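Before any comments, here is the structure.
The values are calculated or read from the model by the stated rules, or taken from the named source; none is laboratory data. Keep in mind it's a predicted model, so treat the numbers as computed, not measured. So basically every Cβ, Gly included, is an ideal-geometry build from the backbone, and we count neighbours across all protein chains shown. Ligands, DNA and RNA are stripped out before the accessible areas are found, and what is left, the full protein with its side chains, is counted by its heavy atoms. Shrake-Rupley method; radii C 1.70, N 1.55, O 1.52, S 1.80 Å.
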Amino acid sequence: MRKLRALVFDAYGTLFDVHSVARLCDELWPGRGAALSQLWRTKQIEYTWLCSLMRRYRDFSQVTEDALGYACAALGLPLDDARRARLLSAYRELALFPDARDALAALKASKIRLAILSNGSPAMLRPLVEHAGLGGLIGTVLSVHSRKTYKPAPTVYRLAIEKLGVPRNAIGFVSSNGWDACGAKSFGFHTFWINRAGAPVDALGAAPDHVIRRLDELPGLIRVPVS
């Protein structure tokens, strides 16, 4: 891995805990927070895939709102404008995973360029990164919005090559989403799957190069690139 010159991170579920909204969900509907958070996230991902397959792009903020509406309807939870606004606002202030900041700092110290490549729209990613205080660690934040499709479409991963000016074989891609790690591997990136739940590999012929449980395991796998 001495040839790696950049590490590109997924945002939602990898650096930022999408289920940190479960506390607010539980405040709004006591005892239903975990179920709502899980279904909301599942439907959010499904909708991105549907948008890509149908070639009917919808901004990730709209996808997130649509998924919330579906999840509440499916669980029989009344969703008024005030609750909707609070939950969507919370998505712009998701908690950073506890091991993320130190891992990013160690990687930055190794002289490897760090970037985010996310399904999130710029309007969602900017406040998220700012709220977490990652501006000094992450040099580039890329959104699928310019491609008008979602991961794992190859054109999305190509954004990293174009914007970073780094060859495909010198980019490492990090995601906690197995399908995303497989998509990046299929595209040709060196991939790291953060498998926090210990799930089986869903490779589809493109298994990730490394499977680890935590972000803070990542710096130990990365060597400083040769200048």
To the nearest 0.05, how large is the calculated FRET efficiency for Arg214 and Arg55 if R₀ is 41 Å and r is the Cβ-Cβ distance?
0.65
At 1.4 Å probe size, with the rest of the protein present, what percent of the exposed accessible area of region 106-227 is carbon and sulfur atoms?
53 percent
Work out the length of the dipole vector of the chain about its Cα centre, built from +1 on the beta-carbon of each Lys and Arg and -1 on the beta-carbon of each Asp and Glu, and round it to the nearest 20 debye.
820 debye
Trypsin sites (Lys or Arg not before Pro), restricted to region 6-110: which are DSSP loop and have at most 13 other Cβ atoms within 10 Å?
Arg55, Arg56
Angle, helix 81-90 long axis vs. longest principal axis of the chain, Cα atoms, 0 to 90°, nearest 10?
20 degrees
Taking amide H atoms as placed 1.01 Å from N in the peptide plane, list the residues 5 or more away in sequence, or in a different chain, whose amide H sits under 5 Å from that of Gly120.
Val144
Can you give the convex hull volume per residue for the Cα atoms of the chain, as a whole number of Å³?
118 Å³
Between the residues Leu50, Gly76, Tyr91, the Cα farthest towards the positive end of the dipole of region 46-100, that dipole coming from +1 and -1 charges on the beta-carbon of Lys, Arg, Asp and Glu, is from Leu50
When Lys and Arg each count +1 and Asp and Glu each count -1, what net charge do the other residues less than 10 Å away from Phe189, Cβ to Cβ, add up to?
+1
Which of the three applies to region 128-227, rounded, prolate or oblate, going by the alpha-carbon gyration tensor with a ≥ b ≥ c and a/c under 1.5 meaning rounded?
rounded
Using the Karplus curve 6.51 cos²θ - 1.76 cosθ + 1.60 with θ = phi - 60°, what ³J(HN,Hα) values do you get for each residue of region 179-194, in whole Hz, with x for Gly and Pro?
5, 6, 4, 5, x, 5, 5, 4, 5, x, 7, 7, 10, 10, 9, 8
Hz values of 3J(HN,Hα) by residue in region 62-75 - Karplus curve (6.51, -1.76, 1.60), Gly and Pro given as x
6, 4, 5, 5, 4, 5, 5, x, 4, 4, 5, 5, 5, 9
What is the distance, in nm, between label points placed 7 Å from the Cα along the Cα-to-Cβ direction at Trp179 and at Ala90?
2.4 nm
In percent, how large is the relative contact order of the chain, given Cα pairs closer than 8 Å and 6 or more residues apart?
26 percent
Would you mind checking which residues have amide H under 5 Å from Val141's amide H? H placed 1.01 Å from N; only 5 or more apart, or other chain.
Ile116
Give me a comma-separated list of calculated 3J(HN,Hα) values for region 40-46, in order, Karplus coefficients 6.51, -1.76, 1.60 applied at θ = phi - 60°, integers in Hz, x for any Gly or Pro.
4, 5, 4, 6, 4, 5, 4
Dipole of region 161-227, Cα-centred, from +1 at each Lys and Arg C-beta and -1 at each Asp and Glu C-beta, to the nearest 20 debye?
100 debye
Given H placed 1.01 Å from N in the peptide plane, which residues other than close sequence neighbours of Ala95 have an amide H under 5 Å from its amide H?
Asp17, Ser20
